[in-house]
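The values are calculated or read from the model by the stated rules, or taken from the named source; none is laboratory data. Everything numeric here is computed off the predicted structure, so don't read it as measured data. Cβ: placed from backbone, ideal geometry, glycine included. Neighbour counts: every protein chain shown.
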């Protein structure tokens, strides 16, 4: 047998971010989930801005917390929905730190709606990255405030009915209405171009935080293949054809002072 | 020379916290403890310390969680309905081993109850009121001076055990004004909070820190599985129970009847005992200063000496359950409670005369 043909020249073209531990927490996610991709963006931004050494991440409760706890930066998992309350205190007590929250759509806009609204009311110098996968992923795909009209979930078996469950919440647009908000945007990672745009949004948010302008918010659309009952590739199509029309991508606020 | 000032009990909370080195206060207005949050709003920012009025007691306690994560001495205060709201995250603080101080100025319950004094949160304060069976030290001051002093002990013990600590007051203690000597108390030195979140590059070892309240979900190197964490917790709770018991005895030598009371009713009881002793009636008091751990042993010793027991408590009877545990069913335990107030309203109080009457009835 000619083993020479099987020899592959190994050349690293794209490694893991330095703040990912080995094995990366990304291994905990379902195939086709976008959370890992979003974590990669945050990791790259923290490293490029050289703030990973003074960053403190406050994670909520949900799938998004799994990787946070394995990051090689200071991280705390907070009570469900309360990351922004806890982040407020540690940021005020330690103004030199870069405190940010990662939260799911349910964590931020359902159980944590009070903390979200009031952190923006107070204009806290924080950044929040919110993962929007239009359902509760961790608990098995139930209705979230972001669930699309007609979307079947474990608790809306006939699809979300506006007469019973109301309409999807638009967190990025809502955040933009607060005077205490410096930056608000919604991105997606379902295409390489959107990956790059989302990275720019997240970088903008952290730069505004470093400048101390106000509260910063980036909502990122994320796929949830098992709970959407779709393949990873079908999820990309759903985001493009159904989710983005409901949740338009772009910047909604970008204040310099 | 230490400063002596005439202040409300609620303000003594603030002075005690200030002298303990408390760096952040986070609270929400609720009667009858509004003087606490107002004191911090006035006194903390001008001293470069952090004050935030939160949007709810749920937010207050989660701000405490965040402040404690950063290694700072932080506290909140509330009254009974707000206390109910805080339970979930007090449990998270216990699970994440975050030291913090919660001051509870009790009012009448249940529900919204009344906005006046009462002692009706004894069980949730002493039994780990939130989910999951944690334990916390409960300090029960009975005067302005003791509020000021125990606030400092509270921060020390919270840090020592990395555990939430409750200071249990009542509306009367919060509202009455007394002379208080304001001075910092020295305690044994404690270890640096090497575990706190400060940003990876600010740690001496250059290693990142991760803190969470889910020992059964995220294993940590020191506690690789859920049961190993519970073993650690059990050891810590046992150590607190063994080491931190505090109580005061008053006229208990040769007493035939022992009163048990904390907070404002302990003041009332002391007055009643003085009146009774003046008439030659042999009565004394055991006043728990820690409600958890509870002084079961001294109560048990008094049972063996043939004492009867009378609990004086502004509720339908909660502290009495602990006294009964100490008594082990071997003698009678009586109650002068909220139904024995001098007038049957939210503003009524248990008066020394009523306690004296019961003392005489029992002896």
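A few remarks follow.
- Subset of segment A:104-124 [crowded, with 24+ Cβ neighbours inside 10 Å and either more than 13 Å from chain B (Cβ to nearest Cβ) or closer than 20 Å to residue A:226 by Cα (or both)]: A:104, A:105, A:106, A:107, A:108, A:109
- Comparison of B:139, B:173 shows that the only residue that is within 30 Å of residue B:341 (Cα to Cα), touching a strand residue (DSSP E or B) at 6+ places or on another chain (Cβ under 6 Å) and crowded, with 17+ Cβ neighbours inside 10 Å is B:139.
- Odd one out for residue B:113, checked against (1) facing another protein chain (nearest Cβ under 10 Å); (2) part of a loop (DSSP other than H, G, I, E, B): (1)
- Any hit, segment B:231-238, residues being touching a helix residue (DSSP H, G or I) at 6+ places or on another chain (Cβ under 7 Å) and either in contact (Cβ under 8 Å) with a residue 12 or more places away in the chain or not in a helix (DSSP H, G or I) (or both): yes
- Residues in segment B:325-356 that are in contact with a helix residue (DSSP H, G or I) (Cβ under 9 Å, 6 or more places away or on another chain) and more than 17 Å from residue B:119 (Cβ to Cβ): B:325, B:326, B:327, B:328, B:330, B:331, B:332, B:353, B:356.
- For segment B:116-126, a residue qualifies if it is under 14 Å from the mean Cα position of the chain (by Cα) and either closer than 23 Å to residue B:31 by Cβ or free of Cβ contacts under 8 Å to residues at least 60 places away in the same chain (or both), and the qualifying residues are B:119, B:120, B:121, B:122, B:123, B:124, B:125.
- Just one of the listed residues (A:79, A:182, A:144) is away from every other protein chain (no Cβ under 14 Å), part of a loop (DSSP other than H, G, I, E, B) and either in contact with a helix residue (DSSP H, G or I) (Cβ under 6 Å, 6 or more places away or on another chain) or at pLDDT below 95 (or both), and it is A:144.
- Check on residue B:193, assigned to a loop (DSSP other than H, G, I, E, B), more than 30 Å from residue B:332 (Cβ to Cβ), without any contact (Cβ under 8 Å) to a residue 40 or more places away in the chain and in contact with a helix residue (DSSP H, G or I) (Cβ under 8 Å, 6 or more places away or on another chain): no
- Selection status of residue A:164, more than 14 Å from chain B (Cβ to nearest Cβ) and part of a helix (DSSP H, G or I): yes
- Count - residues of segment B:143-170 that are surrounded by fewer than 24 Cβ atoms within 10 Å (Cβ to Cβ) and not in a helix (DSSP H, G or I): 3
- When the residues of segment B:213-225 are filtered to those that are within 7 Å of another protein chain (Cβ to nearest Cβ) and over 22 Å from residue B:160 (Cβ atoms), the one that is modelled with the lowest pLDDT is B:218.
- Leading residue by the ranking (nearest to the other protein chains (Cβ to nearest Cβ)) among those in segment A:88-103 that are touching a residue at least 40 places away in the same chain (Cβ under 8 Å) and within 23 Å of residue B:71 (Cβ to Cβ): A:97
- Note on segment A:44-76: residues that are within 15 Å of the chain's Cα centre (by Cα), more than 13 Å from every other protein chain (Cβ to nearest Cβ) and modelled with pLDDT of 95 or more amount to 2.
- Among the helices (runs of 4 or more DSSP H) confined to segment B:7-82, the ones with at least 1 residues that are crowded, with 23+ Cβ neighbours inside 10 Å and within 11 Å of chain A (Cβ to nearest Cβ) are located at B:57-69.
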